[in-house]
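The values are calculated or read from the model by the stated rules, or taken from the named source; none is laboratory data. Because the structure is a prediction, the values reported are computed rather than measured. Cβ placement follows ideal geometry from the backbone for every residue including glycine, while neighbour counts extend to all protein chains displayed.
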Amino acid sequence: MKHCAVCHGPLGISARPDSPNLAGLSPNYIVKQLKLYRDGHREHELMNVVSQGLDDSKIQELADWYDSLDVEVTYWNPTKNEQAAQTCSACHGLIGISRNPQAPTLAGQPEFYLVNRLRALREGGKHLDASMVAIANHLSDEETKKIIGWYSSIRIQAYRP
Ligand code: HEC
Ligand code: HEC
């Protein structure tokens, strides 16, 4: 966890605009993404290197550690384009805290990260969730901007119980 903290923060709340929060993500989702990076299916120069040395049991251990954190929403403002995210809430949760193990929590993710991720989802790729790729492709630039504004304006905090 220690070297993950440099970018993802000591309690999984991102320390850099390009790095997502890991607190609030399901263990199922974290395991899937780490294996995709390690095996070269999800491309990112930093994460492809970081995940190289991780075997399956280490990946599970990391995912379980992040899952052990408690996450709380500390700020959200419904006037900030909440409406725009209505269609996303079925899978990603009403205020972006997902209860669906396949769909990641979006609340509090850095704006820069969300912009990159939605761009990648629009470009598609066989490792990506097909329904999410279809959704990303149906969004206008205007809608995308509003939705990213909404999720990135929510604040979350993580605690070690
Ligand atoms: C040097 C900085 C850095 C370090 C160290 C690092 N990461 Fe990352 N991580 C990133 C960046 C940047 C991204 C976003 C990559 C992308 O856009 O695909 C990312 C993405 C991820 C994701 C995908 C999350 C999502 O929402 O899809 C997971 C899971 C992850 N990292 C886990 C880890 C773990 C576990 C460690 C420690 C073993 C670690 N990272 C160490 C920078 C880092
Ligand atoms: C039918 C369920 C579903 C709906 C509705 C949905 N998503 Fe997703 N979304 C997913 C799944 C599943 C993933 C994980 C993708 C993967 O593993 O490849 C995902 C991933 C994402 C990610 C990447 C997050 C990360 O941590 O890297 C973003 C950003 C995202 N969705 C945005 C949206 C937005 C914006 C909407 C509404 C316009 C939306 N989603 C609607 C299921 C859904």
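Values computed for the structure shown
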{"quantity": "Top-ranked residue of segment 55-84 - restricted to ones that are in contact (Cβ under 8 Å) with a residue 40 or more places away in the chain, among the hydrophobic types (A, V, I, L, M, F, W, C) and part of a helix (DSSP H, G or I), ranked as farthest from ligand 1 (Cβ to nearest atom)", "calculated": "Ala84"}
{"quantity": "Residue, nearest to the chain's Cα centre (by Cα), within segment 1-33, restricted to residues that are buried (at least 16 other Cβ atoms within 10 Å of the Cβ) and of a type in the set (S, T, N, Q)", "calculated": "Asn21"}
{"quantity": "Qualifying residue in segment 44-67 (condition: aromatic (Phe, Trp, Tyr), at pLDDT 95 or above and more than 15 Å from ligand 2 (Cβ to nearest atom))", "calculated": "yes"}
{"quantity": "Tally of residues being within 14 Å of Cys91 (Cβ to Cβ) and either near ligand 2 (Cβ under 7 Å from one of its atoms) or not β-branched (Val, Ile, Thr) (or both) across segment 129-151", "calculated": "9"}
{"quantity": "Residue within segment 6-21 that is more than 30 Å from Ser140 (Cβ to Cβ), hydrophobic (A, V, I, L, M, F, W, C), free of Cβ contacts under 8 Å to residues at least 24 places away in the same chain and more than 15 Å from ligand 2 (Cβ to nearest atom) present", "calculated": "yes"}
{"quantity": "Odd one out for Glu43, checked against (1) out of contact with any helix residue (DSSP H, G or I) (no Cβ under 7 Å at 6 or more places or on another chain); (2) near ligand 1 (Cβ under 8 Å from one of its atoms); (3) in contact (Cβ under 8 Å) with a residue 40 or more places away in the chain", "calculated": "(3)"}
{"quantity": "Output for segment 110-120, where each listed residue is of a type outside the set (D, E, K, R), more than 14 Å from Cys88 (Cα to Cα) and either loosely packed, with under 11 Cβ neighbours inside 10 Å or within 11 Å of ligand 2 (Cβ to nearest atom) (or both)", "calculated": "Pro110, Tyr113, Val115, Asn116, Ala120"}
{"quantity": "From the options Leu36, Leu106, Leu62, residue that is surrounded by 17 or more Cβ atoms within 10 Å (Cβ to Cβ) and within 14 Å of the chain's Cα centre (by Cα)", "calculated": "Leu106"}
{"quantity": "Per-region count, segment 85-106, residues in contact with a helix residue (DSSP H, G or I) (Cβ under 6 Å, 6 or more places away or on another chain) and farther than 17 Å from Ala136 by Cα", "calculated": "3"}
